[in-house]
Amino acid sequence: MERFKKVYTQGALDVLEVWVDTETGVNYLYHRTGNAGGLTVLLDKDGKPVVTPAEV
């Protein structure tokens, strides 16, 4: 099983992706433009990490 799973993608040159850690359920936002990119924890309105429940 892969540790991270891509669950959303948008764009071609200016790319946004959401990745989920399959062990913790924490969601990450990845942004790439050209040859630069960055990854950060996706936060909810209260500043807490977005967590996807584990698949049963």
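The values are calculated or read from the model by the stated rules, or taken from the named source; none is laboratory data. None of these values were measured; they are calculated from a predicted model. Neighbour counts run over all protein chains shown; Cβ positions are idealised from the backbone, glycine included.
Identify the single condition in (1) at pLDDT 95 or above; (2) in a loop (DSSP other than H, G, I, E, B) that GLY37 does not satisfy, given that it satisfies every other one.
The number of the failed condition is (2).
What are the residue pairs meeting all of these: first residue in the stretch 25-43, first residue at negative phi, second residue acidic (Asp, Glu), Cβ atoms under 7 Å, and 6 or more apart or on different chains?
TYR30/GLU17; THR33/ASP14
So, in the stretch 32-56, exactly how many residues are exposed (fewer than 15 other Cβ atoms within 10 Å of the Cβ) and either farther than 16 Å from PHE4 by Cβ or of a type in the set (S, T, N, Q) (or both)?
Total satisfying the criteria: 13.
What's the number of the only condition in (1) at pLDDT below 95; (2) surrounded by 13 or more Cβ atoms within 10 Å (Cβ to Cβ) that LEU29 fails to meet?
Result: LEU29 passes all but (1).
Scan the stretch 4-22 and give yes if some residue there is in contact (Cβ under 8 Å) with a residue 40 or more places away in the chain and β-branched (Val, Ile, Thr), otherwise no.
yes
Report yes if THR22 is over 16 Å from PHE4 (Cα atoms), in contact with a strand residue (DSSP E or B) (Cβ under 6 Å, 6 or more places away or on another chain) and surrounded by 10 or more Cβ atoms within 10 Å (Cβ to Cβ), otherwise no.
No, not satisfied.
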